[in-house]
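J.: Please see the structure below; I have some questions.
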Amino acid sequence: MATARTILKTQVGIVGGGPAGLMLSHLLAKTGIENIVVEARDHETIRNTHRAGILESQAVKMLVDSGVEGRVLTHGDEHAGIDLRFNGESHPLNFRDLVDATVTLYAQNEVFVDLAAARKRDAGDVRYSSEVTELLDLETDTPKFRFTDETGAEFEVHCDVLVGADGSRSFCRRQMPDTNRKDFKVEYPFAWFGILTEAPKSAPELIYANSPHGFALISQRSETVQRMYFQCDPNENVDDWSQDRIWNELQRRVDGPDGFTLKTGNIFDKTVLKFRSFVREPLSHGRMFLIGDAGHTVPPTGAKGLNLAFADVKVLFEALDSFYATRNESLLHGYSDKALKRVWKAQNFSYWMTSMLHTPVDADPFMAKRALGELDTVTSSRYGQQYLAESYTGWPHA
């Protein structure tokens, strides 16, 4: 005999319990809007998934002002600029001087830890290790979704609004009908070879390096653990790279007449990060709305991924807050268009940074020299530096 499916009723059903889904859940709960979050992964898997995190000041403000644990202020590392390095020379950009703004280095999994703790503290209904299997009635006033938890128990959630926050492989996105969607995407012919190393900082700010041997990013994680990347083939096997080979490759990509030398240490994590540019239009169907990577992804060069997700959350939260206060759906109907304006600005910036800093596979000499000319144009012009600084630190929310 089949086990009966338990019916759960709430105002907003959120599929996906990463930072975007949890932030939306947190903001809704603060205003008394009931919600349920369902996440396929378990808490520890998300907590231990190491991903970089550069937070715009607006994202930091969203965390702090909404009452999430303030570790982003005590453990985050505020950065006032970056270093563009090419032709073996460093070109520092001071964001505070250029646009009176900063960013904060704070890993994405730490953002998750803080948000998950806030939802637990506030008795939020967040269900990890629960797989969503079906979406129903998206074009009605009561969309639904079914899920199975880790014990095998089956549930059906009835809600007023359904939110897909389930990442770049979004199940929710795939349920949108072919007649009501269009995808825009670019596949890049390279990836990033990323490491975590037990070493002191090599530099106080992030270094974005263009070299004849390919791109490198010298980032940080803490005083004793650092994150670094170098451009590689998407099919690269991390087991083919010894520690000495990795350090030699990173060093030759930042070598220059100034004698800059990386501080090395034991490498305890290696990964190949493939990436692409992707946008789904529209970001909604009926009473279902997509936020974050469920609706769009960007290459990591522009540090926009998590910030775009939080920008989506802000726009959708304001629409939901208005809807429940007035029952007027106008802001909900306008969510996709409003969010996509910022998405496409970020796509442009991320594509530009990626193209300017990476060496194409089988690089054409003209294109390689053109990229150096572009870097020289940007760094020799205050207006060029201001454009990069404004885009990197984040545009004001519309």
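The values are calculated or read from the model by the stated rules, or taken from the named source; none is laboratory data. Predicted model, so just to flag it, every value in this text is computed and none were measured. Please note: Cβ atoms are built from the backbone with ideal geometry, for glycine as well, and neighbour counts cover all protein chains shown. All accessible areas refer to the heavy atoms of the entire protein, side chains included, with ligands and DNA or RNA removed. Shrake-Rupley method; radii C 1.70, N 1.55, O 1.52, S 1.80 Å.
J.: How about region 33-64: which of its residues are touching a helix residue (DSSP H, G or I) at 6+ places or on another chain (Cβ under 6 Å), in a strand (DSSP E or B) and within 26 Å of F193 (Cα to Cα)?
T.: Hit for region 33-64 is E56, nothing else.
J.: Next question. In region 271-321, which residues are of a type in the set (A, V, I, L, M) and either on the phi > 0 side of the Ramachandran plot or in a helix (DSSP H, G or I) (or both)?
T.: Answer for region 271-321, where residues must be of a type in the set (A, V, I, L, M) and either on the phi > 0 side of the Ramachandran plot or in a helix (DSSP H, G or I) (or both): A294, A303, L306, L308, A309, A311, V313, V315, L316, A319, L320.
J.: Keeping to region 72-115, report how many residues are farther than 30 Å from H213 by Cα, part of a helix (DSSP H, G or I) and over 17 Å from the mean Cα position of the chain (by Cα).
T.: Qualifying residue count for the region: 6.
J.: With the condition being crowded, with 21+ Cβ neighbours inside 10 Å and modelled with pLDDT of 95 or more, I'd like the strands (runs of 3 or more DSSP E) fully within region 146-208 carrying at least 1 qualifying residues.
T.: Once the strands (runs of 3 or more DSSP E) in region 146-208 are filtered for at least 1 residues that are crowded, with 21+ Cβ neighbours inside 10 Å and modelled with pLDDT of 95 or more, what remains is 154-158, 161-164, 191-198.
J.: Let me ask you something else. If we keep just the residues of region 349-398 that are among the basic types (K, R) and free of Cβ contacts under 8 Å to residues at least 40 places away in the same chain, which is surrounded by the fewest Cβ atoms within 10 Å (Cβ to Cβ)?
T.: K369
J.: Additional query: Return the only residue of T271, T297, T264 being more than 19 Å from Q108 (Cα to Cα), β-branched (V, I, T) and either open to solvent by 20 Å² or more (accessible area, probe 1.4 Å) or touching a residue at least 60 places away in the same chain (Cβ under 8 Å) (or both).
T.: Answer to the check: T264.
J.: A further question on this structure: Report every pair of residues separated by at least 6 positions or lying on different chains whose Cβ atoms are under 7 Å apart, first residue within region 107-118 and open to solvent by less than 10 Å² (accessible area, probe 1.4 Å), second acidic (D, E).
T.: Between residues of region 107-118 that are open to solvent by less than 10 Å² (accessible area, probe 1.4 Å) and residues that are acidic (D, E), the close pairs are D114/E69; A118/E69.
J.: May I ask you to list the residues in region 133-145 that are open to solvent by 30 Å² or more (accessible area, probe 1.4 Å) and assigned to a strand (DSSP E or B)? Break it down stepwise before answering.
T.: Kept after step one, since they are open to solvent by 30 Å² or more (accessible area, probe 1.4 Å), are these residues of region 133-145: 133-134, 136-137, 139-142, 144.
The answer is T133, E134, L136, K144.
J.: Whether any residue in region 227-244 is surrounded by 13 or more Cβ atoms within 10 Å (Cβ to Cβ), without any contact (Cβ under 8 Å) to a residue 40 or more places away in the chain and in contact with an Asp or Glu (Cβ under 9 Å, 6 or more places away or on another chain) is what I want to check.
T.: yes
J.: Does region 72-95 include one or more residues that are crowded, with 18+ Cβ neighbours inside 10 Å, out of contact with any Asp or Glu (no Cβ under 6 Å at 6 or more places or on another chain), under 25 Å from T301 (Cα atoms) and not hydrophobic (A, V, I, L, M, F, W, C)?
T.: yes
J.: For region 330-342, indicate whether the set of residues that are surrounded by 20 or more Cβ atoms within 10 Å (Cβ to Cβ) and modelled with pLDDT under 95 is non-empty.
T.: Taking every residue of region 330-342 in turn, none turns out to be surrounded by 20 or more Cβ atoms within 10 Å (Cβ to Cβ) and modelled with pLDDT under 95.
J.: For the condition under 21 Å from the mean Cα position of the chain (by Cα) and at negative phi, what is the one hit in L250, L262, L217? Full working, then the answer.
T.: On the way: L250 fails: under 21 Å from the mean Cα position of the chain (by Cα); L262 fails: under 21 Å from the mean Cα position of the chain (by Cα).
After ruling out the rest, the residue left standing is L217.
J.: Residue by residue through region 329-352, note down the ones that are under 27 Å from D376 (Cβ atoms) and in contact with a Leu (Cβ under 8 Å, 6 or more places away or on another chain).
T.: A346
J.: Across region 31-55, what is the total count of residues that are closer than 23 Å to E318 by Cβ, open to solvent by 10 Å² or more (accessible area, probe 1.4 Å) and not β-branched (V, I, T)?
T.: Count: 3.
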